[in-house]
């Protein structure tokens with residue numbers, strides 16, 4: 001009776017993927033000098049209760065186990081009560097992943113999409129465990145309340161997805177920042193320009209560093225505030241006060 005032949009390539013692929021998961025998740029730091037190449041990388045992260053909180057995927061991964069180069073990747077964030085649907089998605093073209101501090105960094109564009117809006121920029125560093133995204137150029141932040149563009153940015157977000165609608169905690173955009181209205185915003189002007197804009201989700205406020213140049217109905221005015229910040233309540237009638 002002829003023996004049944006098992007496809008060697010299939011067995012090897014299964015072995016390589018299993019070994020890769022082992023290296024990424026449980027291998028000691030002594031294995032950091034091992035190089036690998038793999039397609040279709042998936043690396044889920046669970047909390048102590050066994051809930052899926054984050055999933056890193058990439059079209060391909062090459063290089064050392066503790067710092068591989070990822071191509072066409074994304075990071076999905078999940079709330080404990082909704083493991084099948086991500087609360088936010090971080091996507092990028094290329095990134096260097098570091099296991100030691102659970103971070104990704106790259107020079108191309110990265111984008112964070114959440115229920116609050118979308119943040120994008122270039123020359124980035126992102127710490128996935130702590131929820132910090134730093135952007136070095138071409139920063140854009142867009143939500144139902146406001147649209148910000150600037151040269152640099154720092155975004156703080158909830159990596160565990162505990163706040164479904166407030167995943168982005170705050171966004172600070174600096175460097176020739178342009179502030180513009182969106183369709184439903186309550187901004188008291190059409191657009192403004194400042195050196196720094198600070199969006200706070202907890203306070204539902206926007207703080208613009210003064211002097212700030214404001215355009216409204218075709219008129220232009222430069223505004224100064226004693227506290228140094230022009231404060232806008234995004235859920236009520238805007239007002240000017242200290243920060």
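Bear in mind these aren't lab numbers, they're just calculated from the coordinates by the rules spelled out. Because the structure is a prediction, the values reported are computed rather than measured. Every residue, glycine among them, receives a Cβ derived from its backbone with ideal geometry; neighbour counts consider all protein chains shown.
Put a dot 7 Å past the Cα of residue 216, heading toward its Cβ, do the same for residue 202, and the two dots end up 2.9 nm apart. Summary of the geometry: segment 169-208 and segment 112-150, compared by the centres of their Cα atoms, lie 13 Å apart. Neighbour counts of other Cβ atoms within 10 Å put 189, 46, 36 in the fewest-to-most order 46, 36, 189.
Counting neighbouring beta carbons within 10 Å and listing from fewest to most, the residues 222, 45, 89 come out as 222, 89, 45. Starting from the 7 Å offset along Cα-to-Cβ, what nm value, one decimal, do you get for the label separation of residue 224 and residue 47? If labels sit at residue 224 and residue 47, their model points lie 4.9 nm apart.
Provide the FRET efficiency to the nearest 0.05 for the residue 137-residue 184 pair, computing r from the beta carbons and using R0 = 35 Å. For residue 137 and residue 184, the calculated efficiency is 0.75. An oblate overall shape is assigned to segment 66-210, the ratio a/c of its alpha-carbon gyration tensor axes (a ≥ b ≥ c) being 1.5 or greater and a/b not exceeding b/c. The modelled label-to-label distance for the pair residue 151/residue 94, using points 7 Å beyond Cα in the direction of Cβ, is 2.6 nm.
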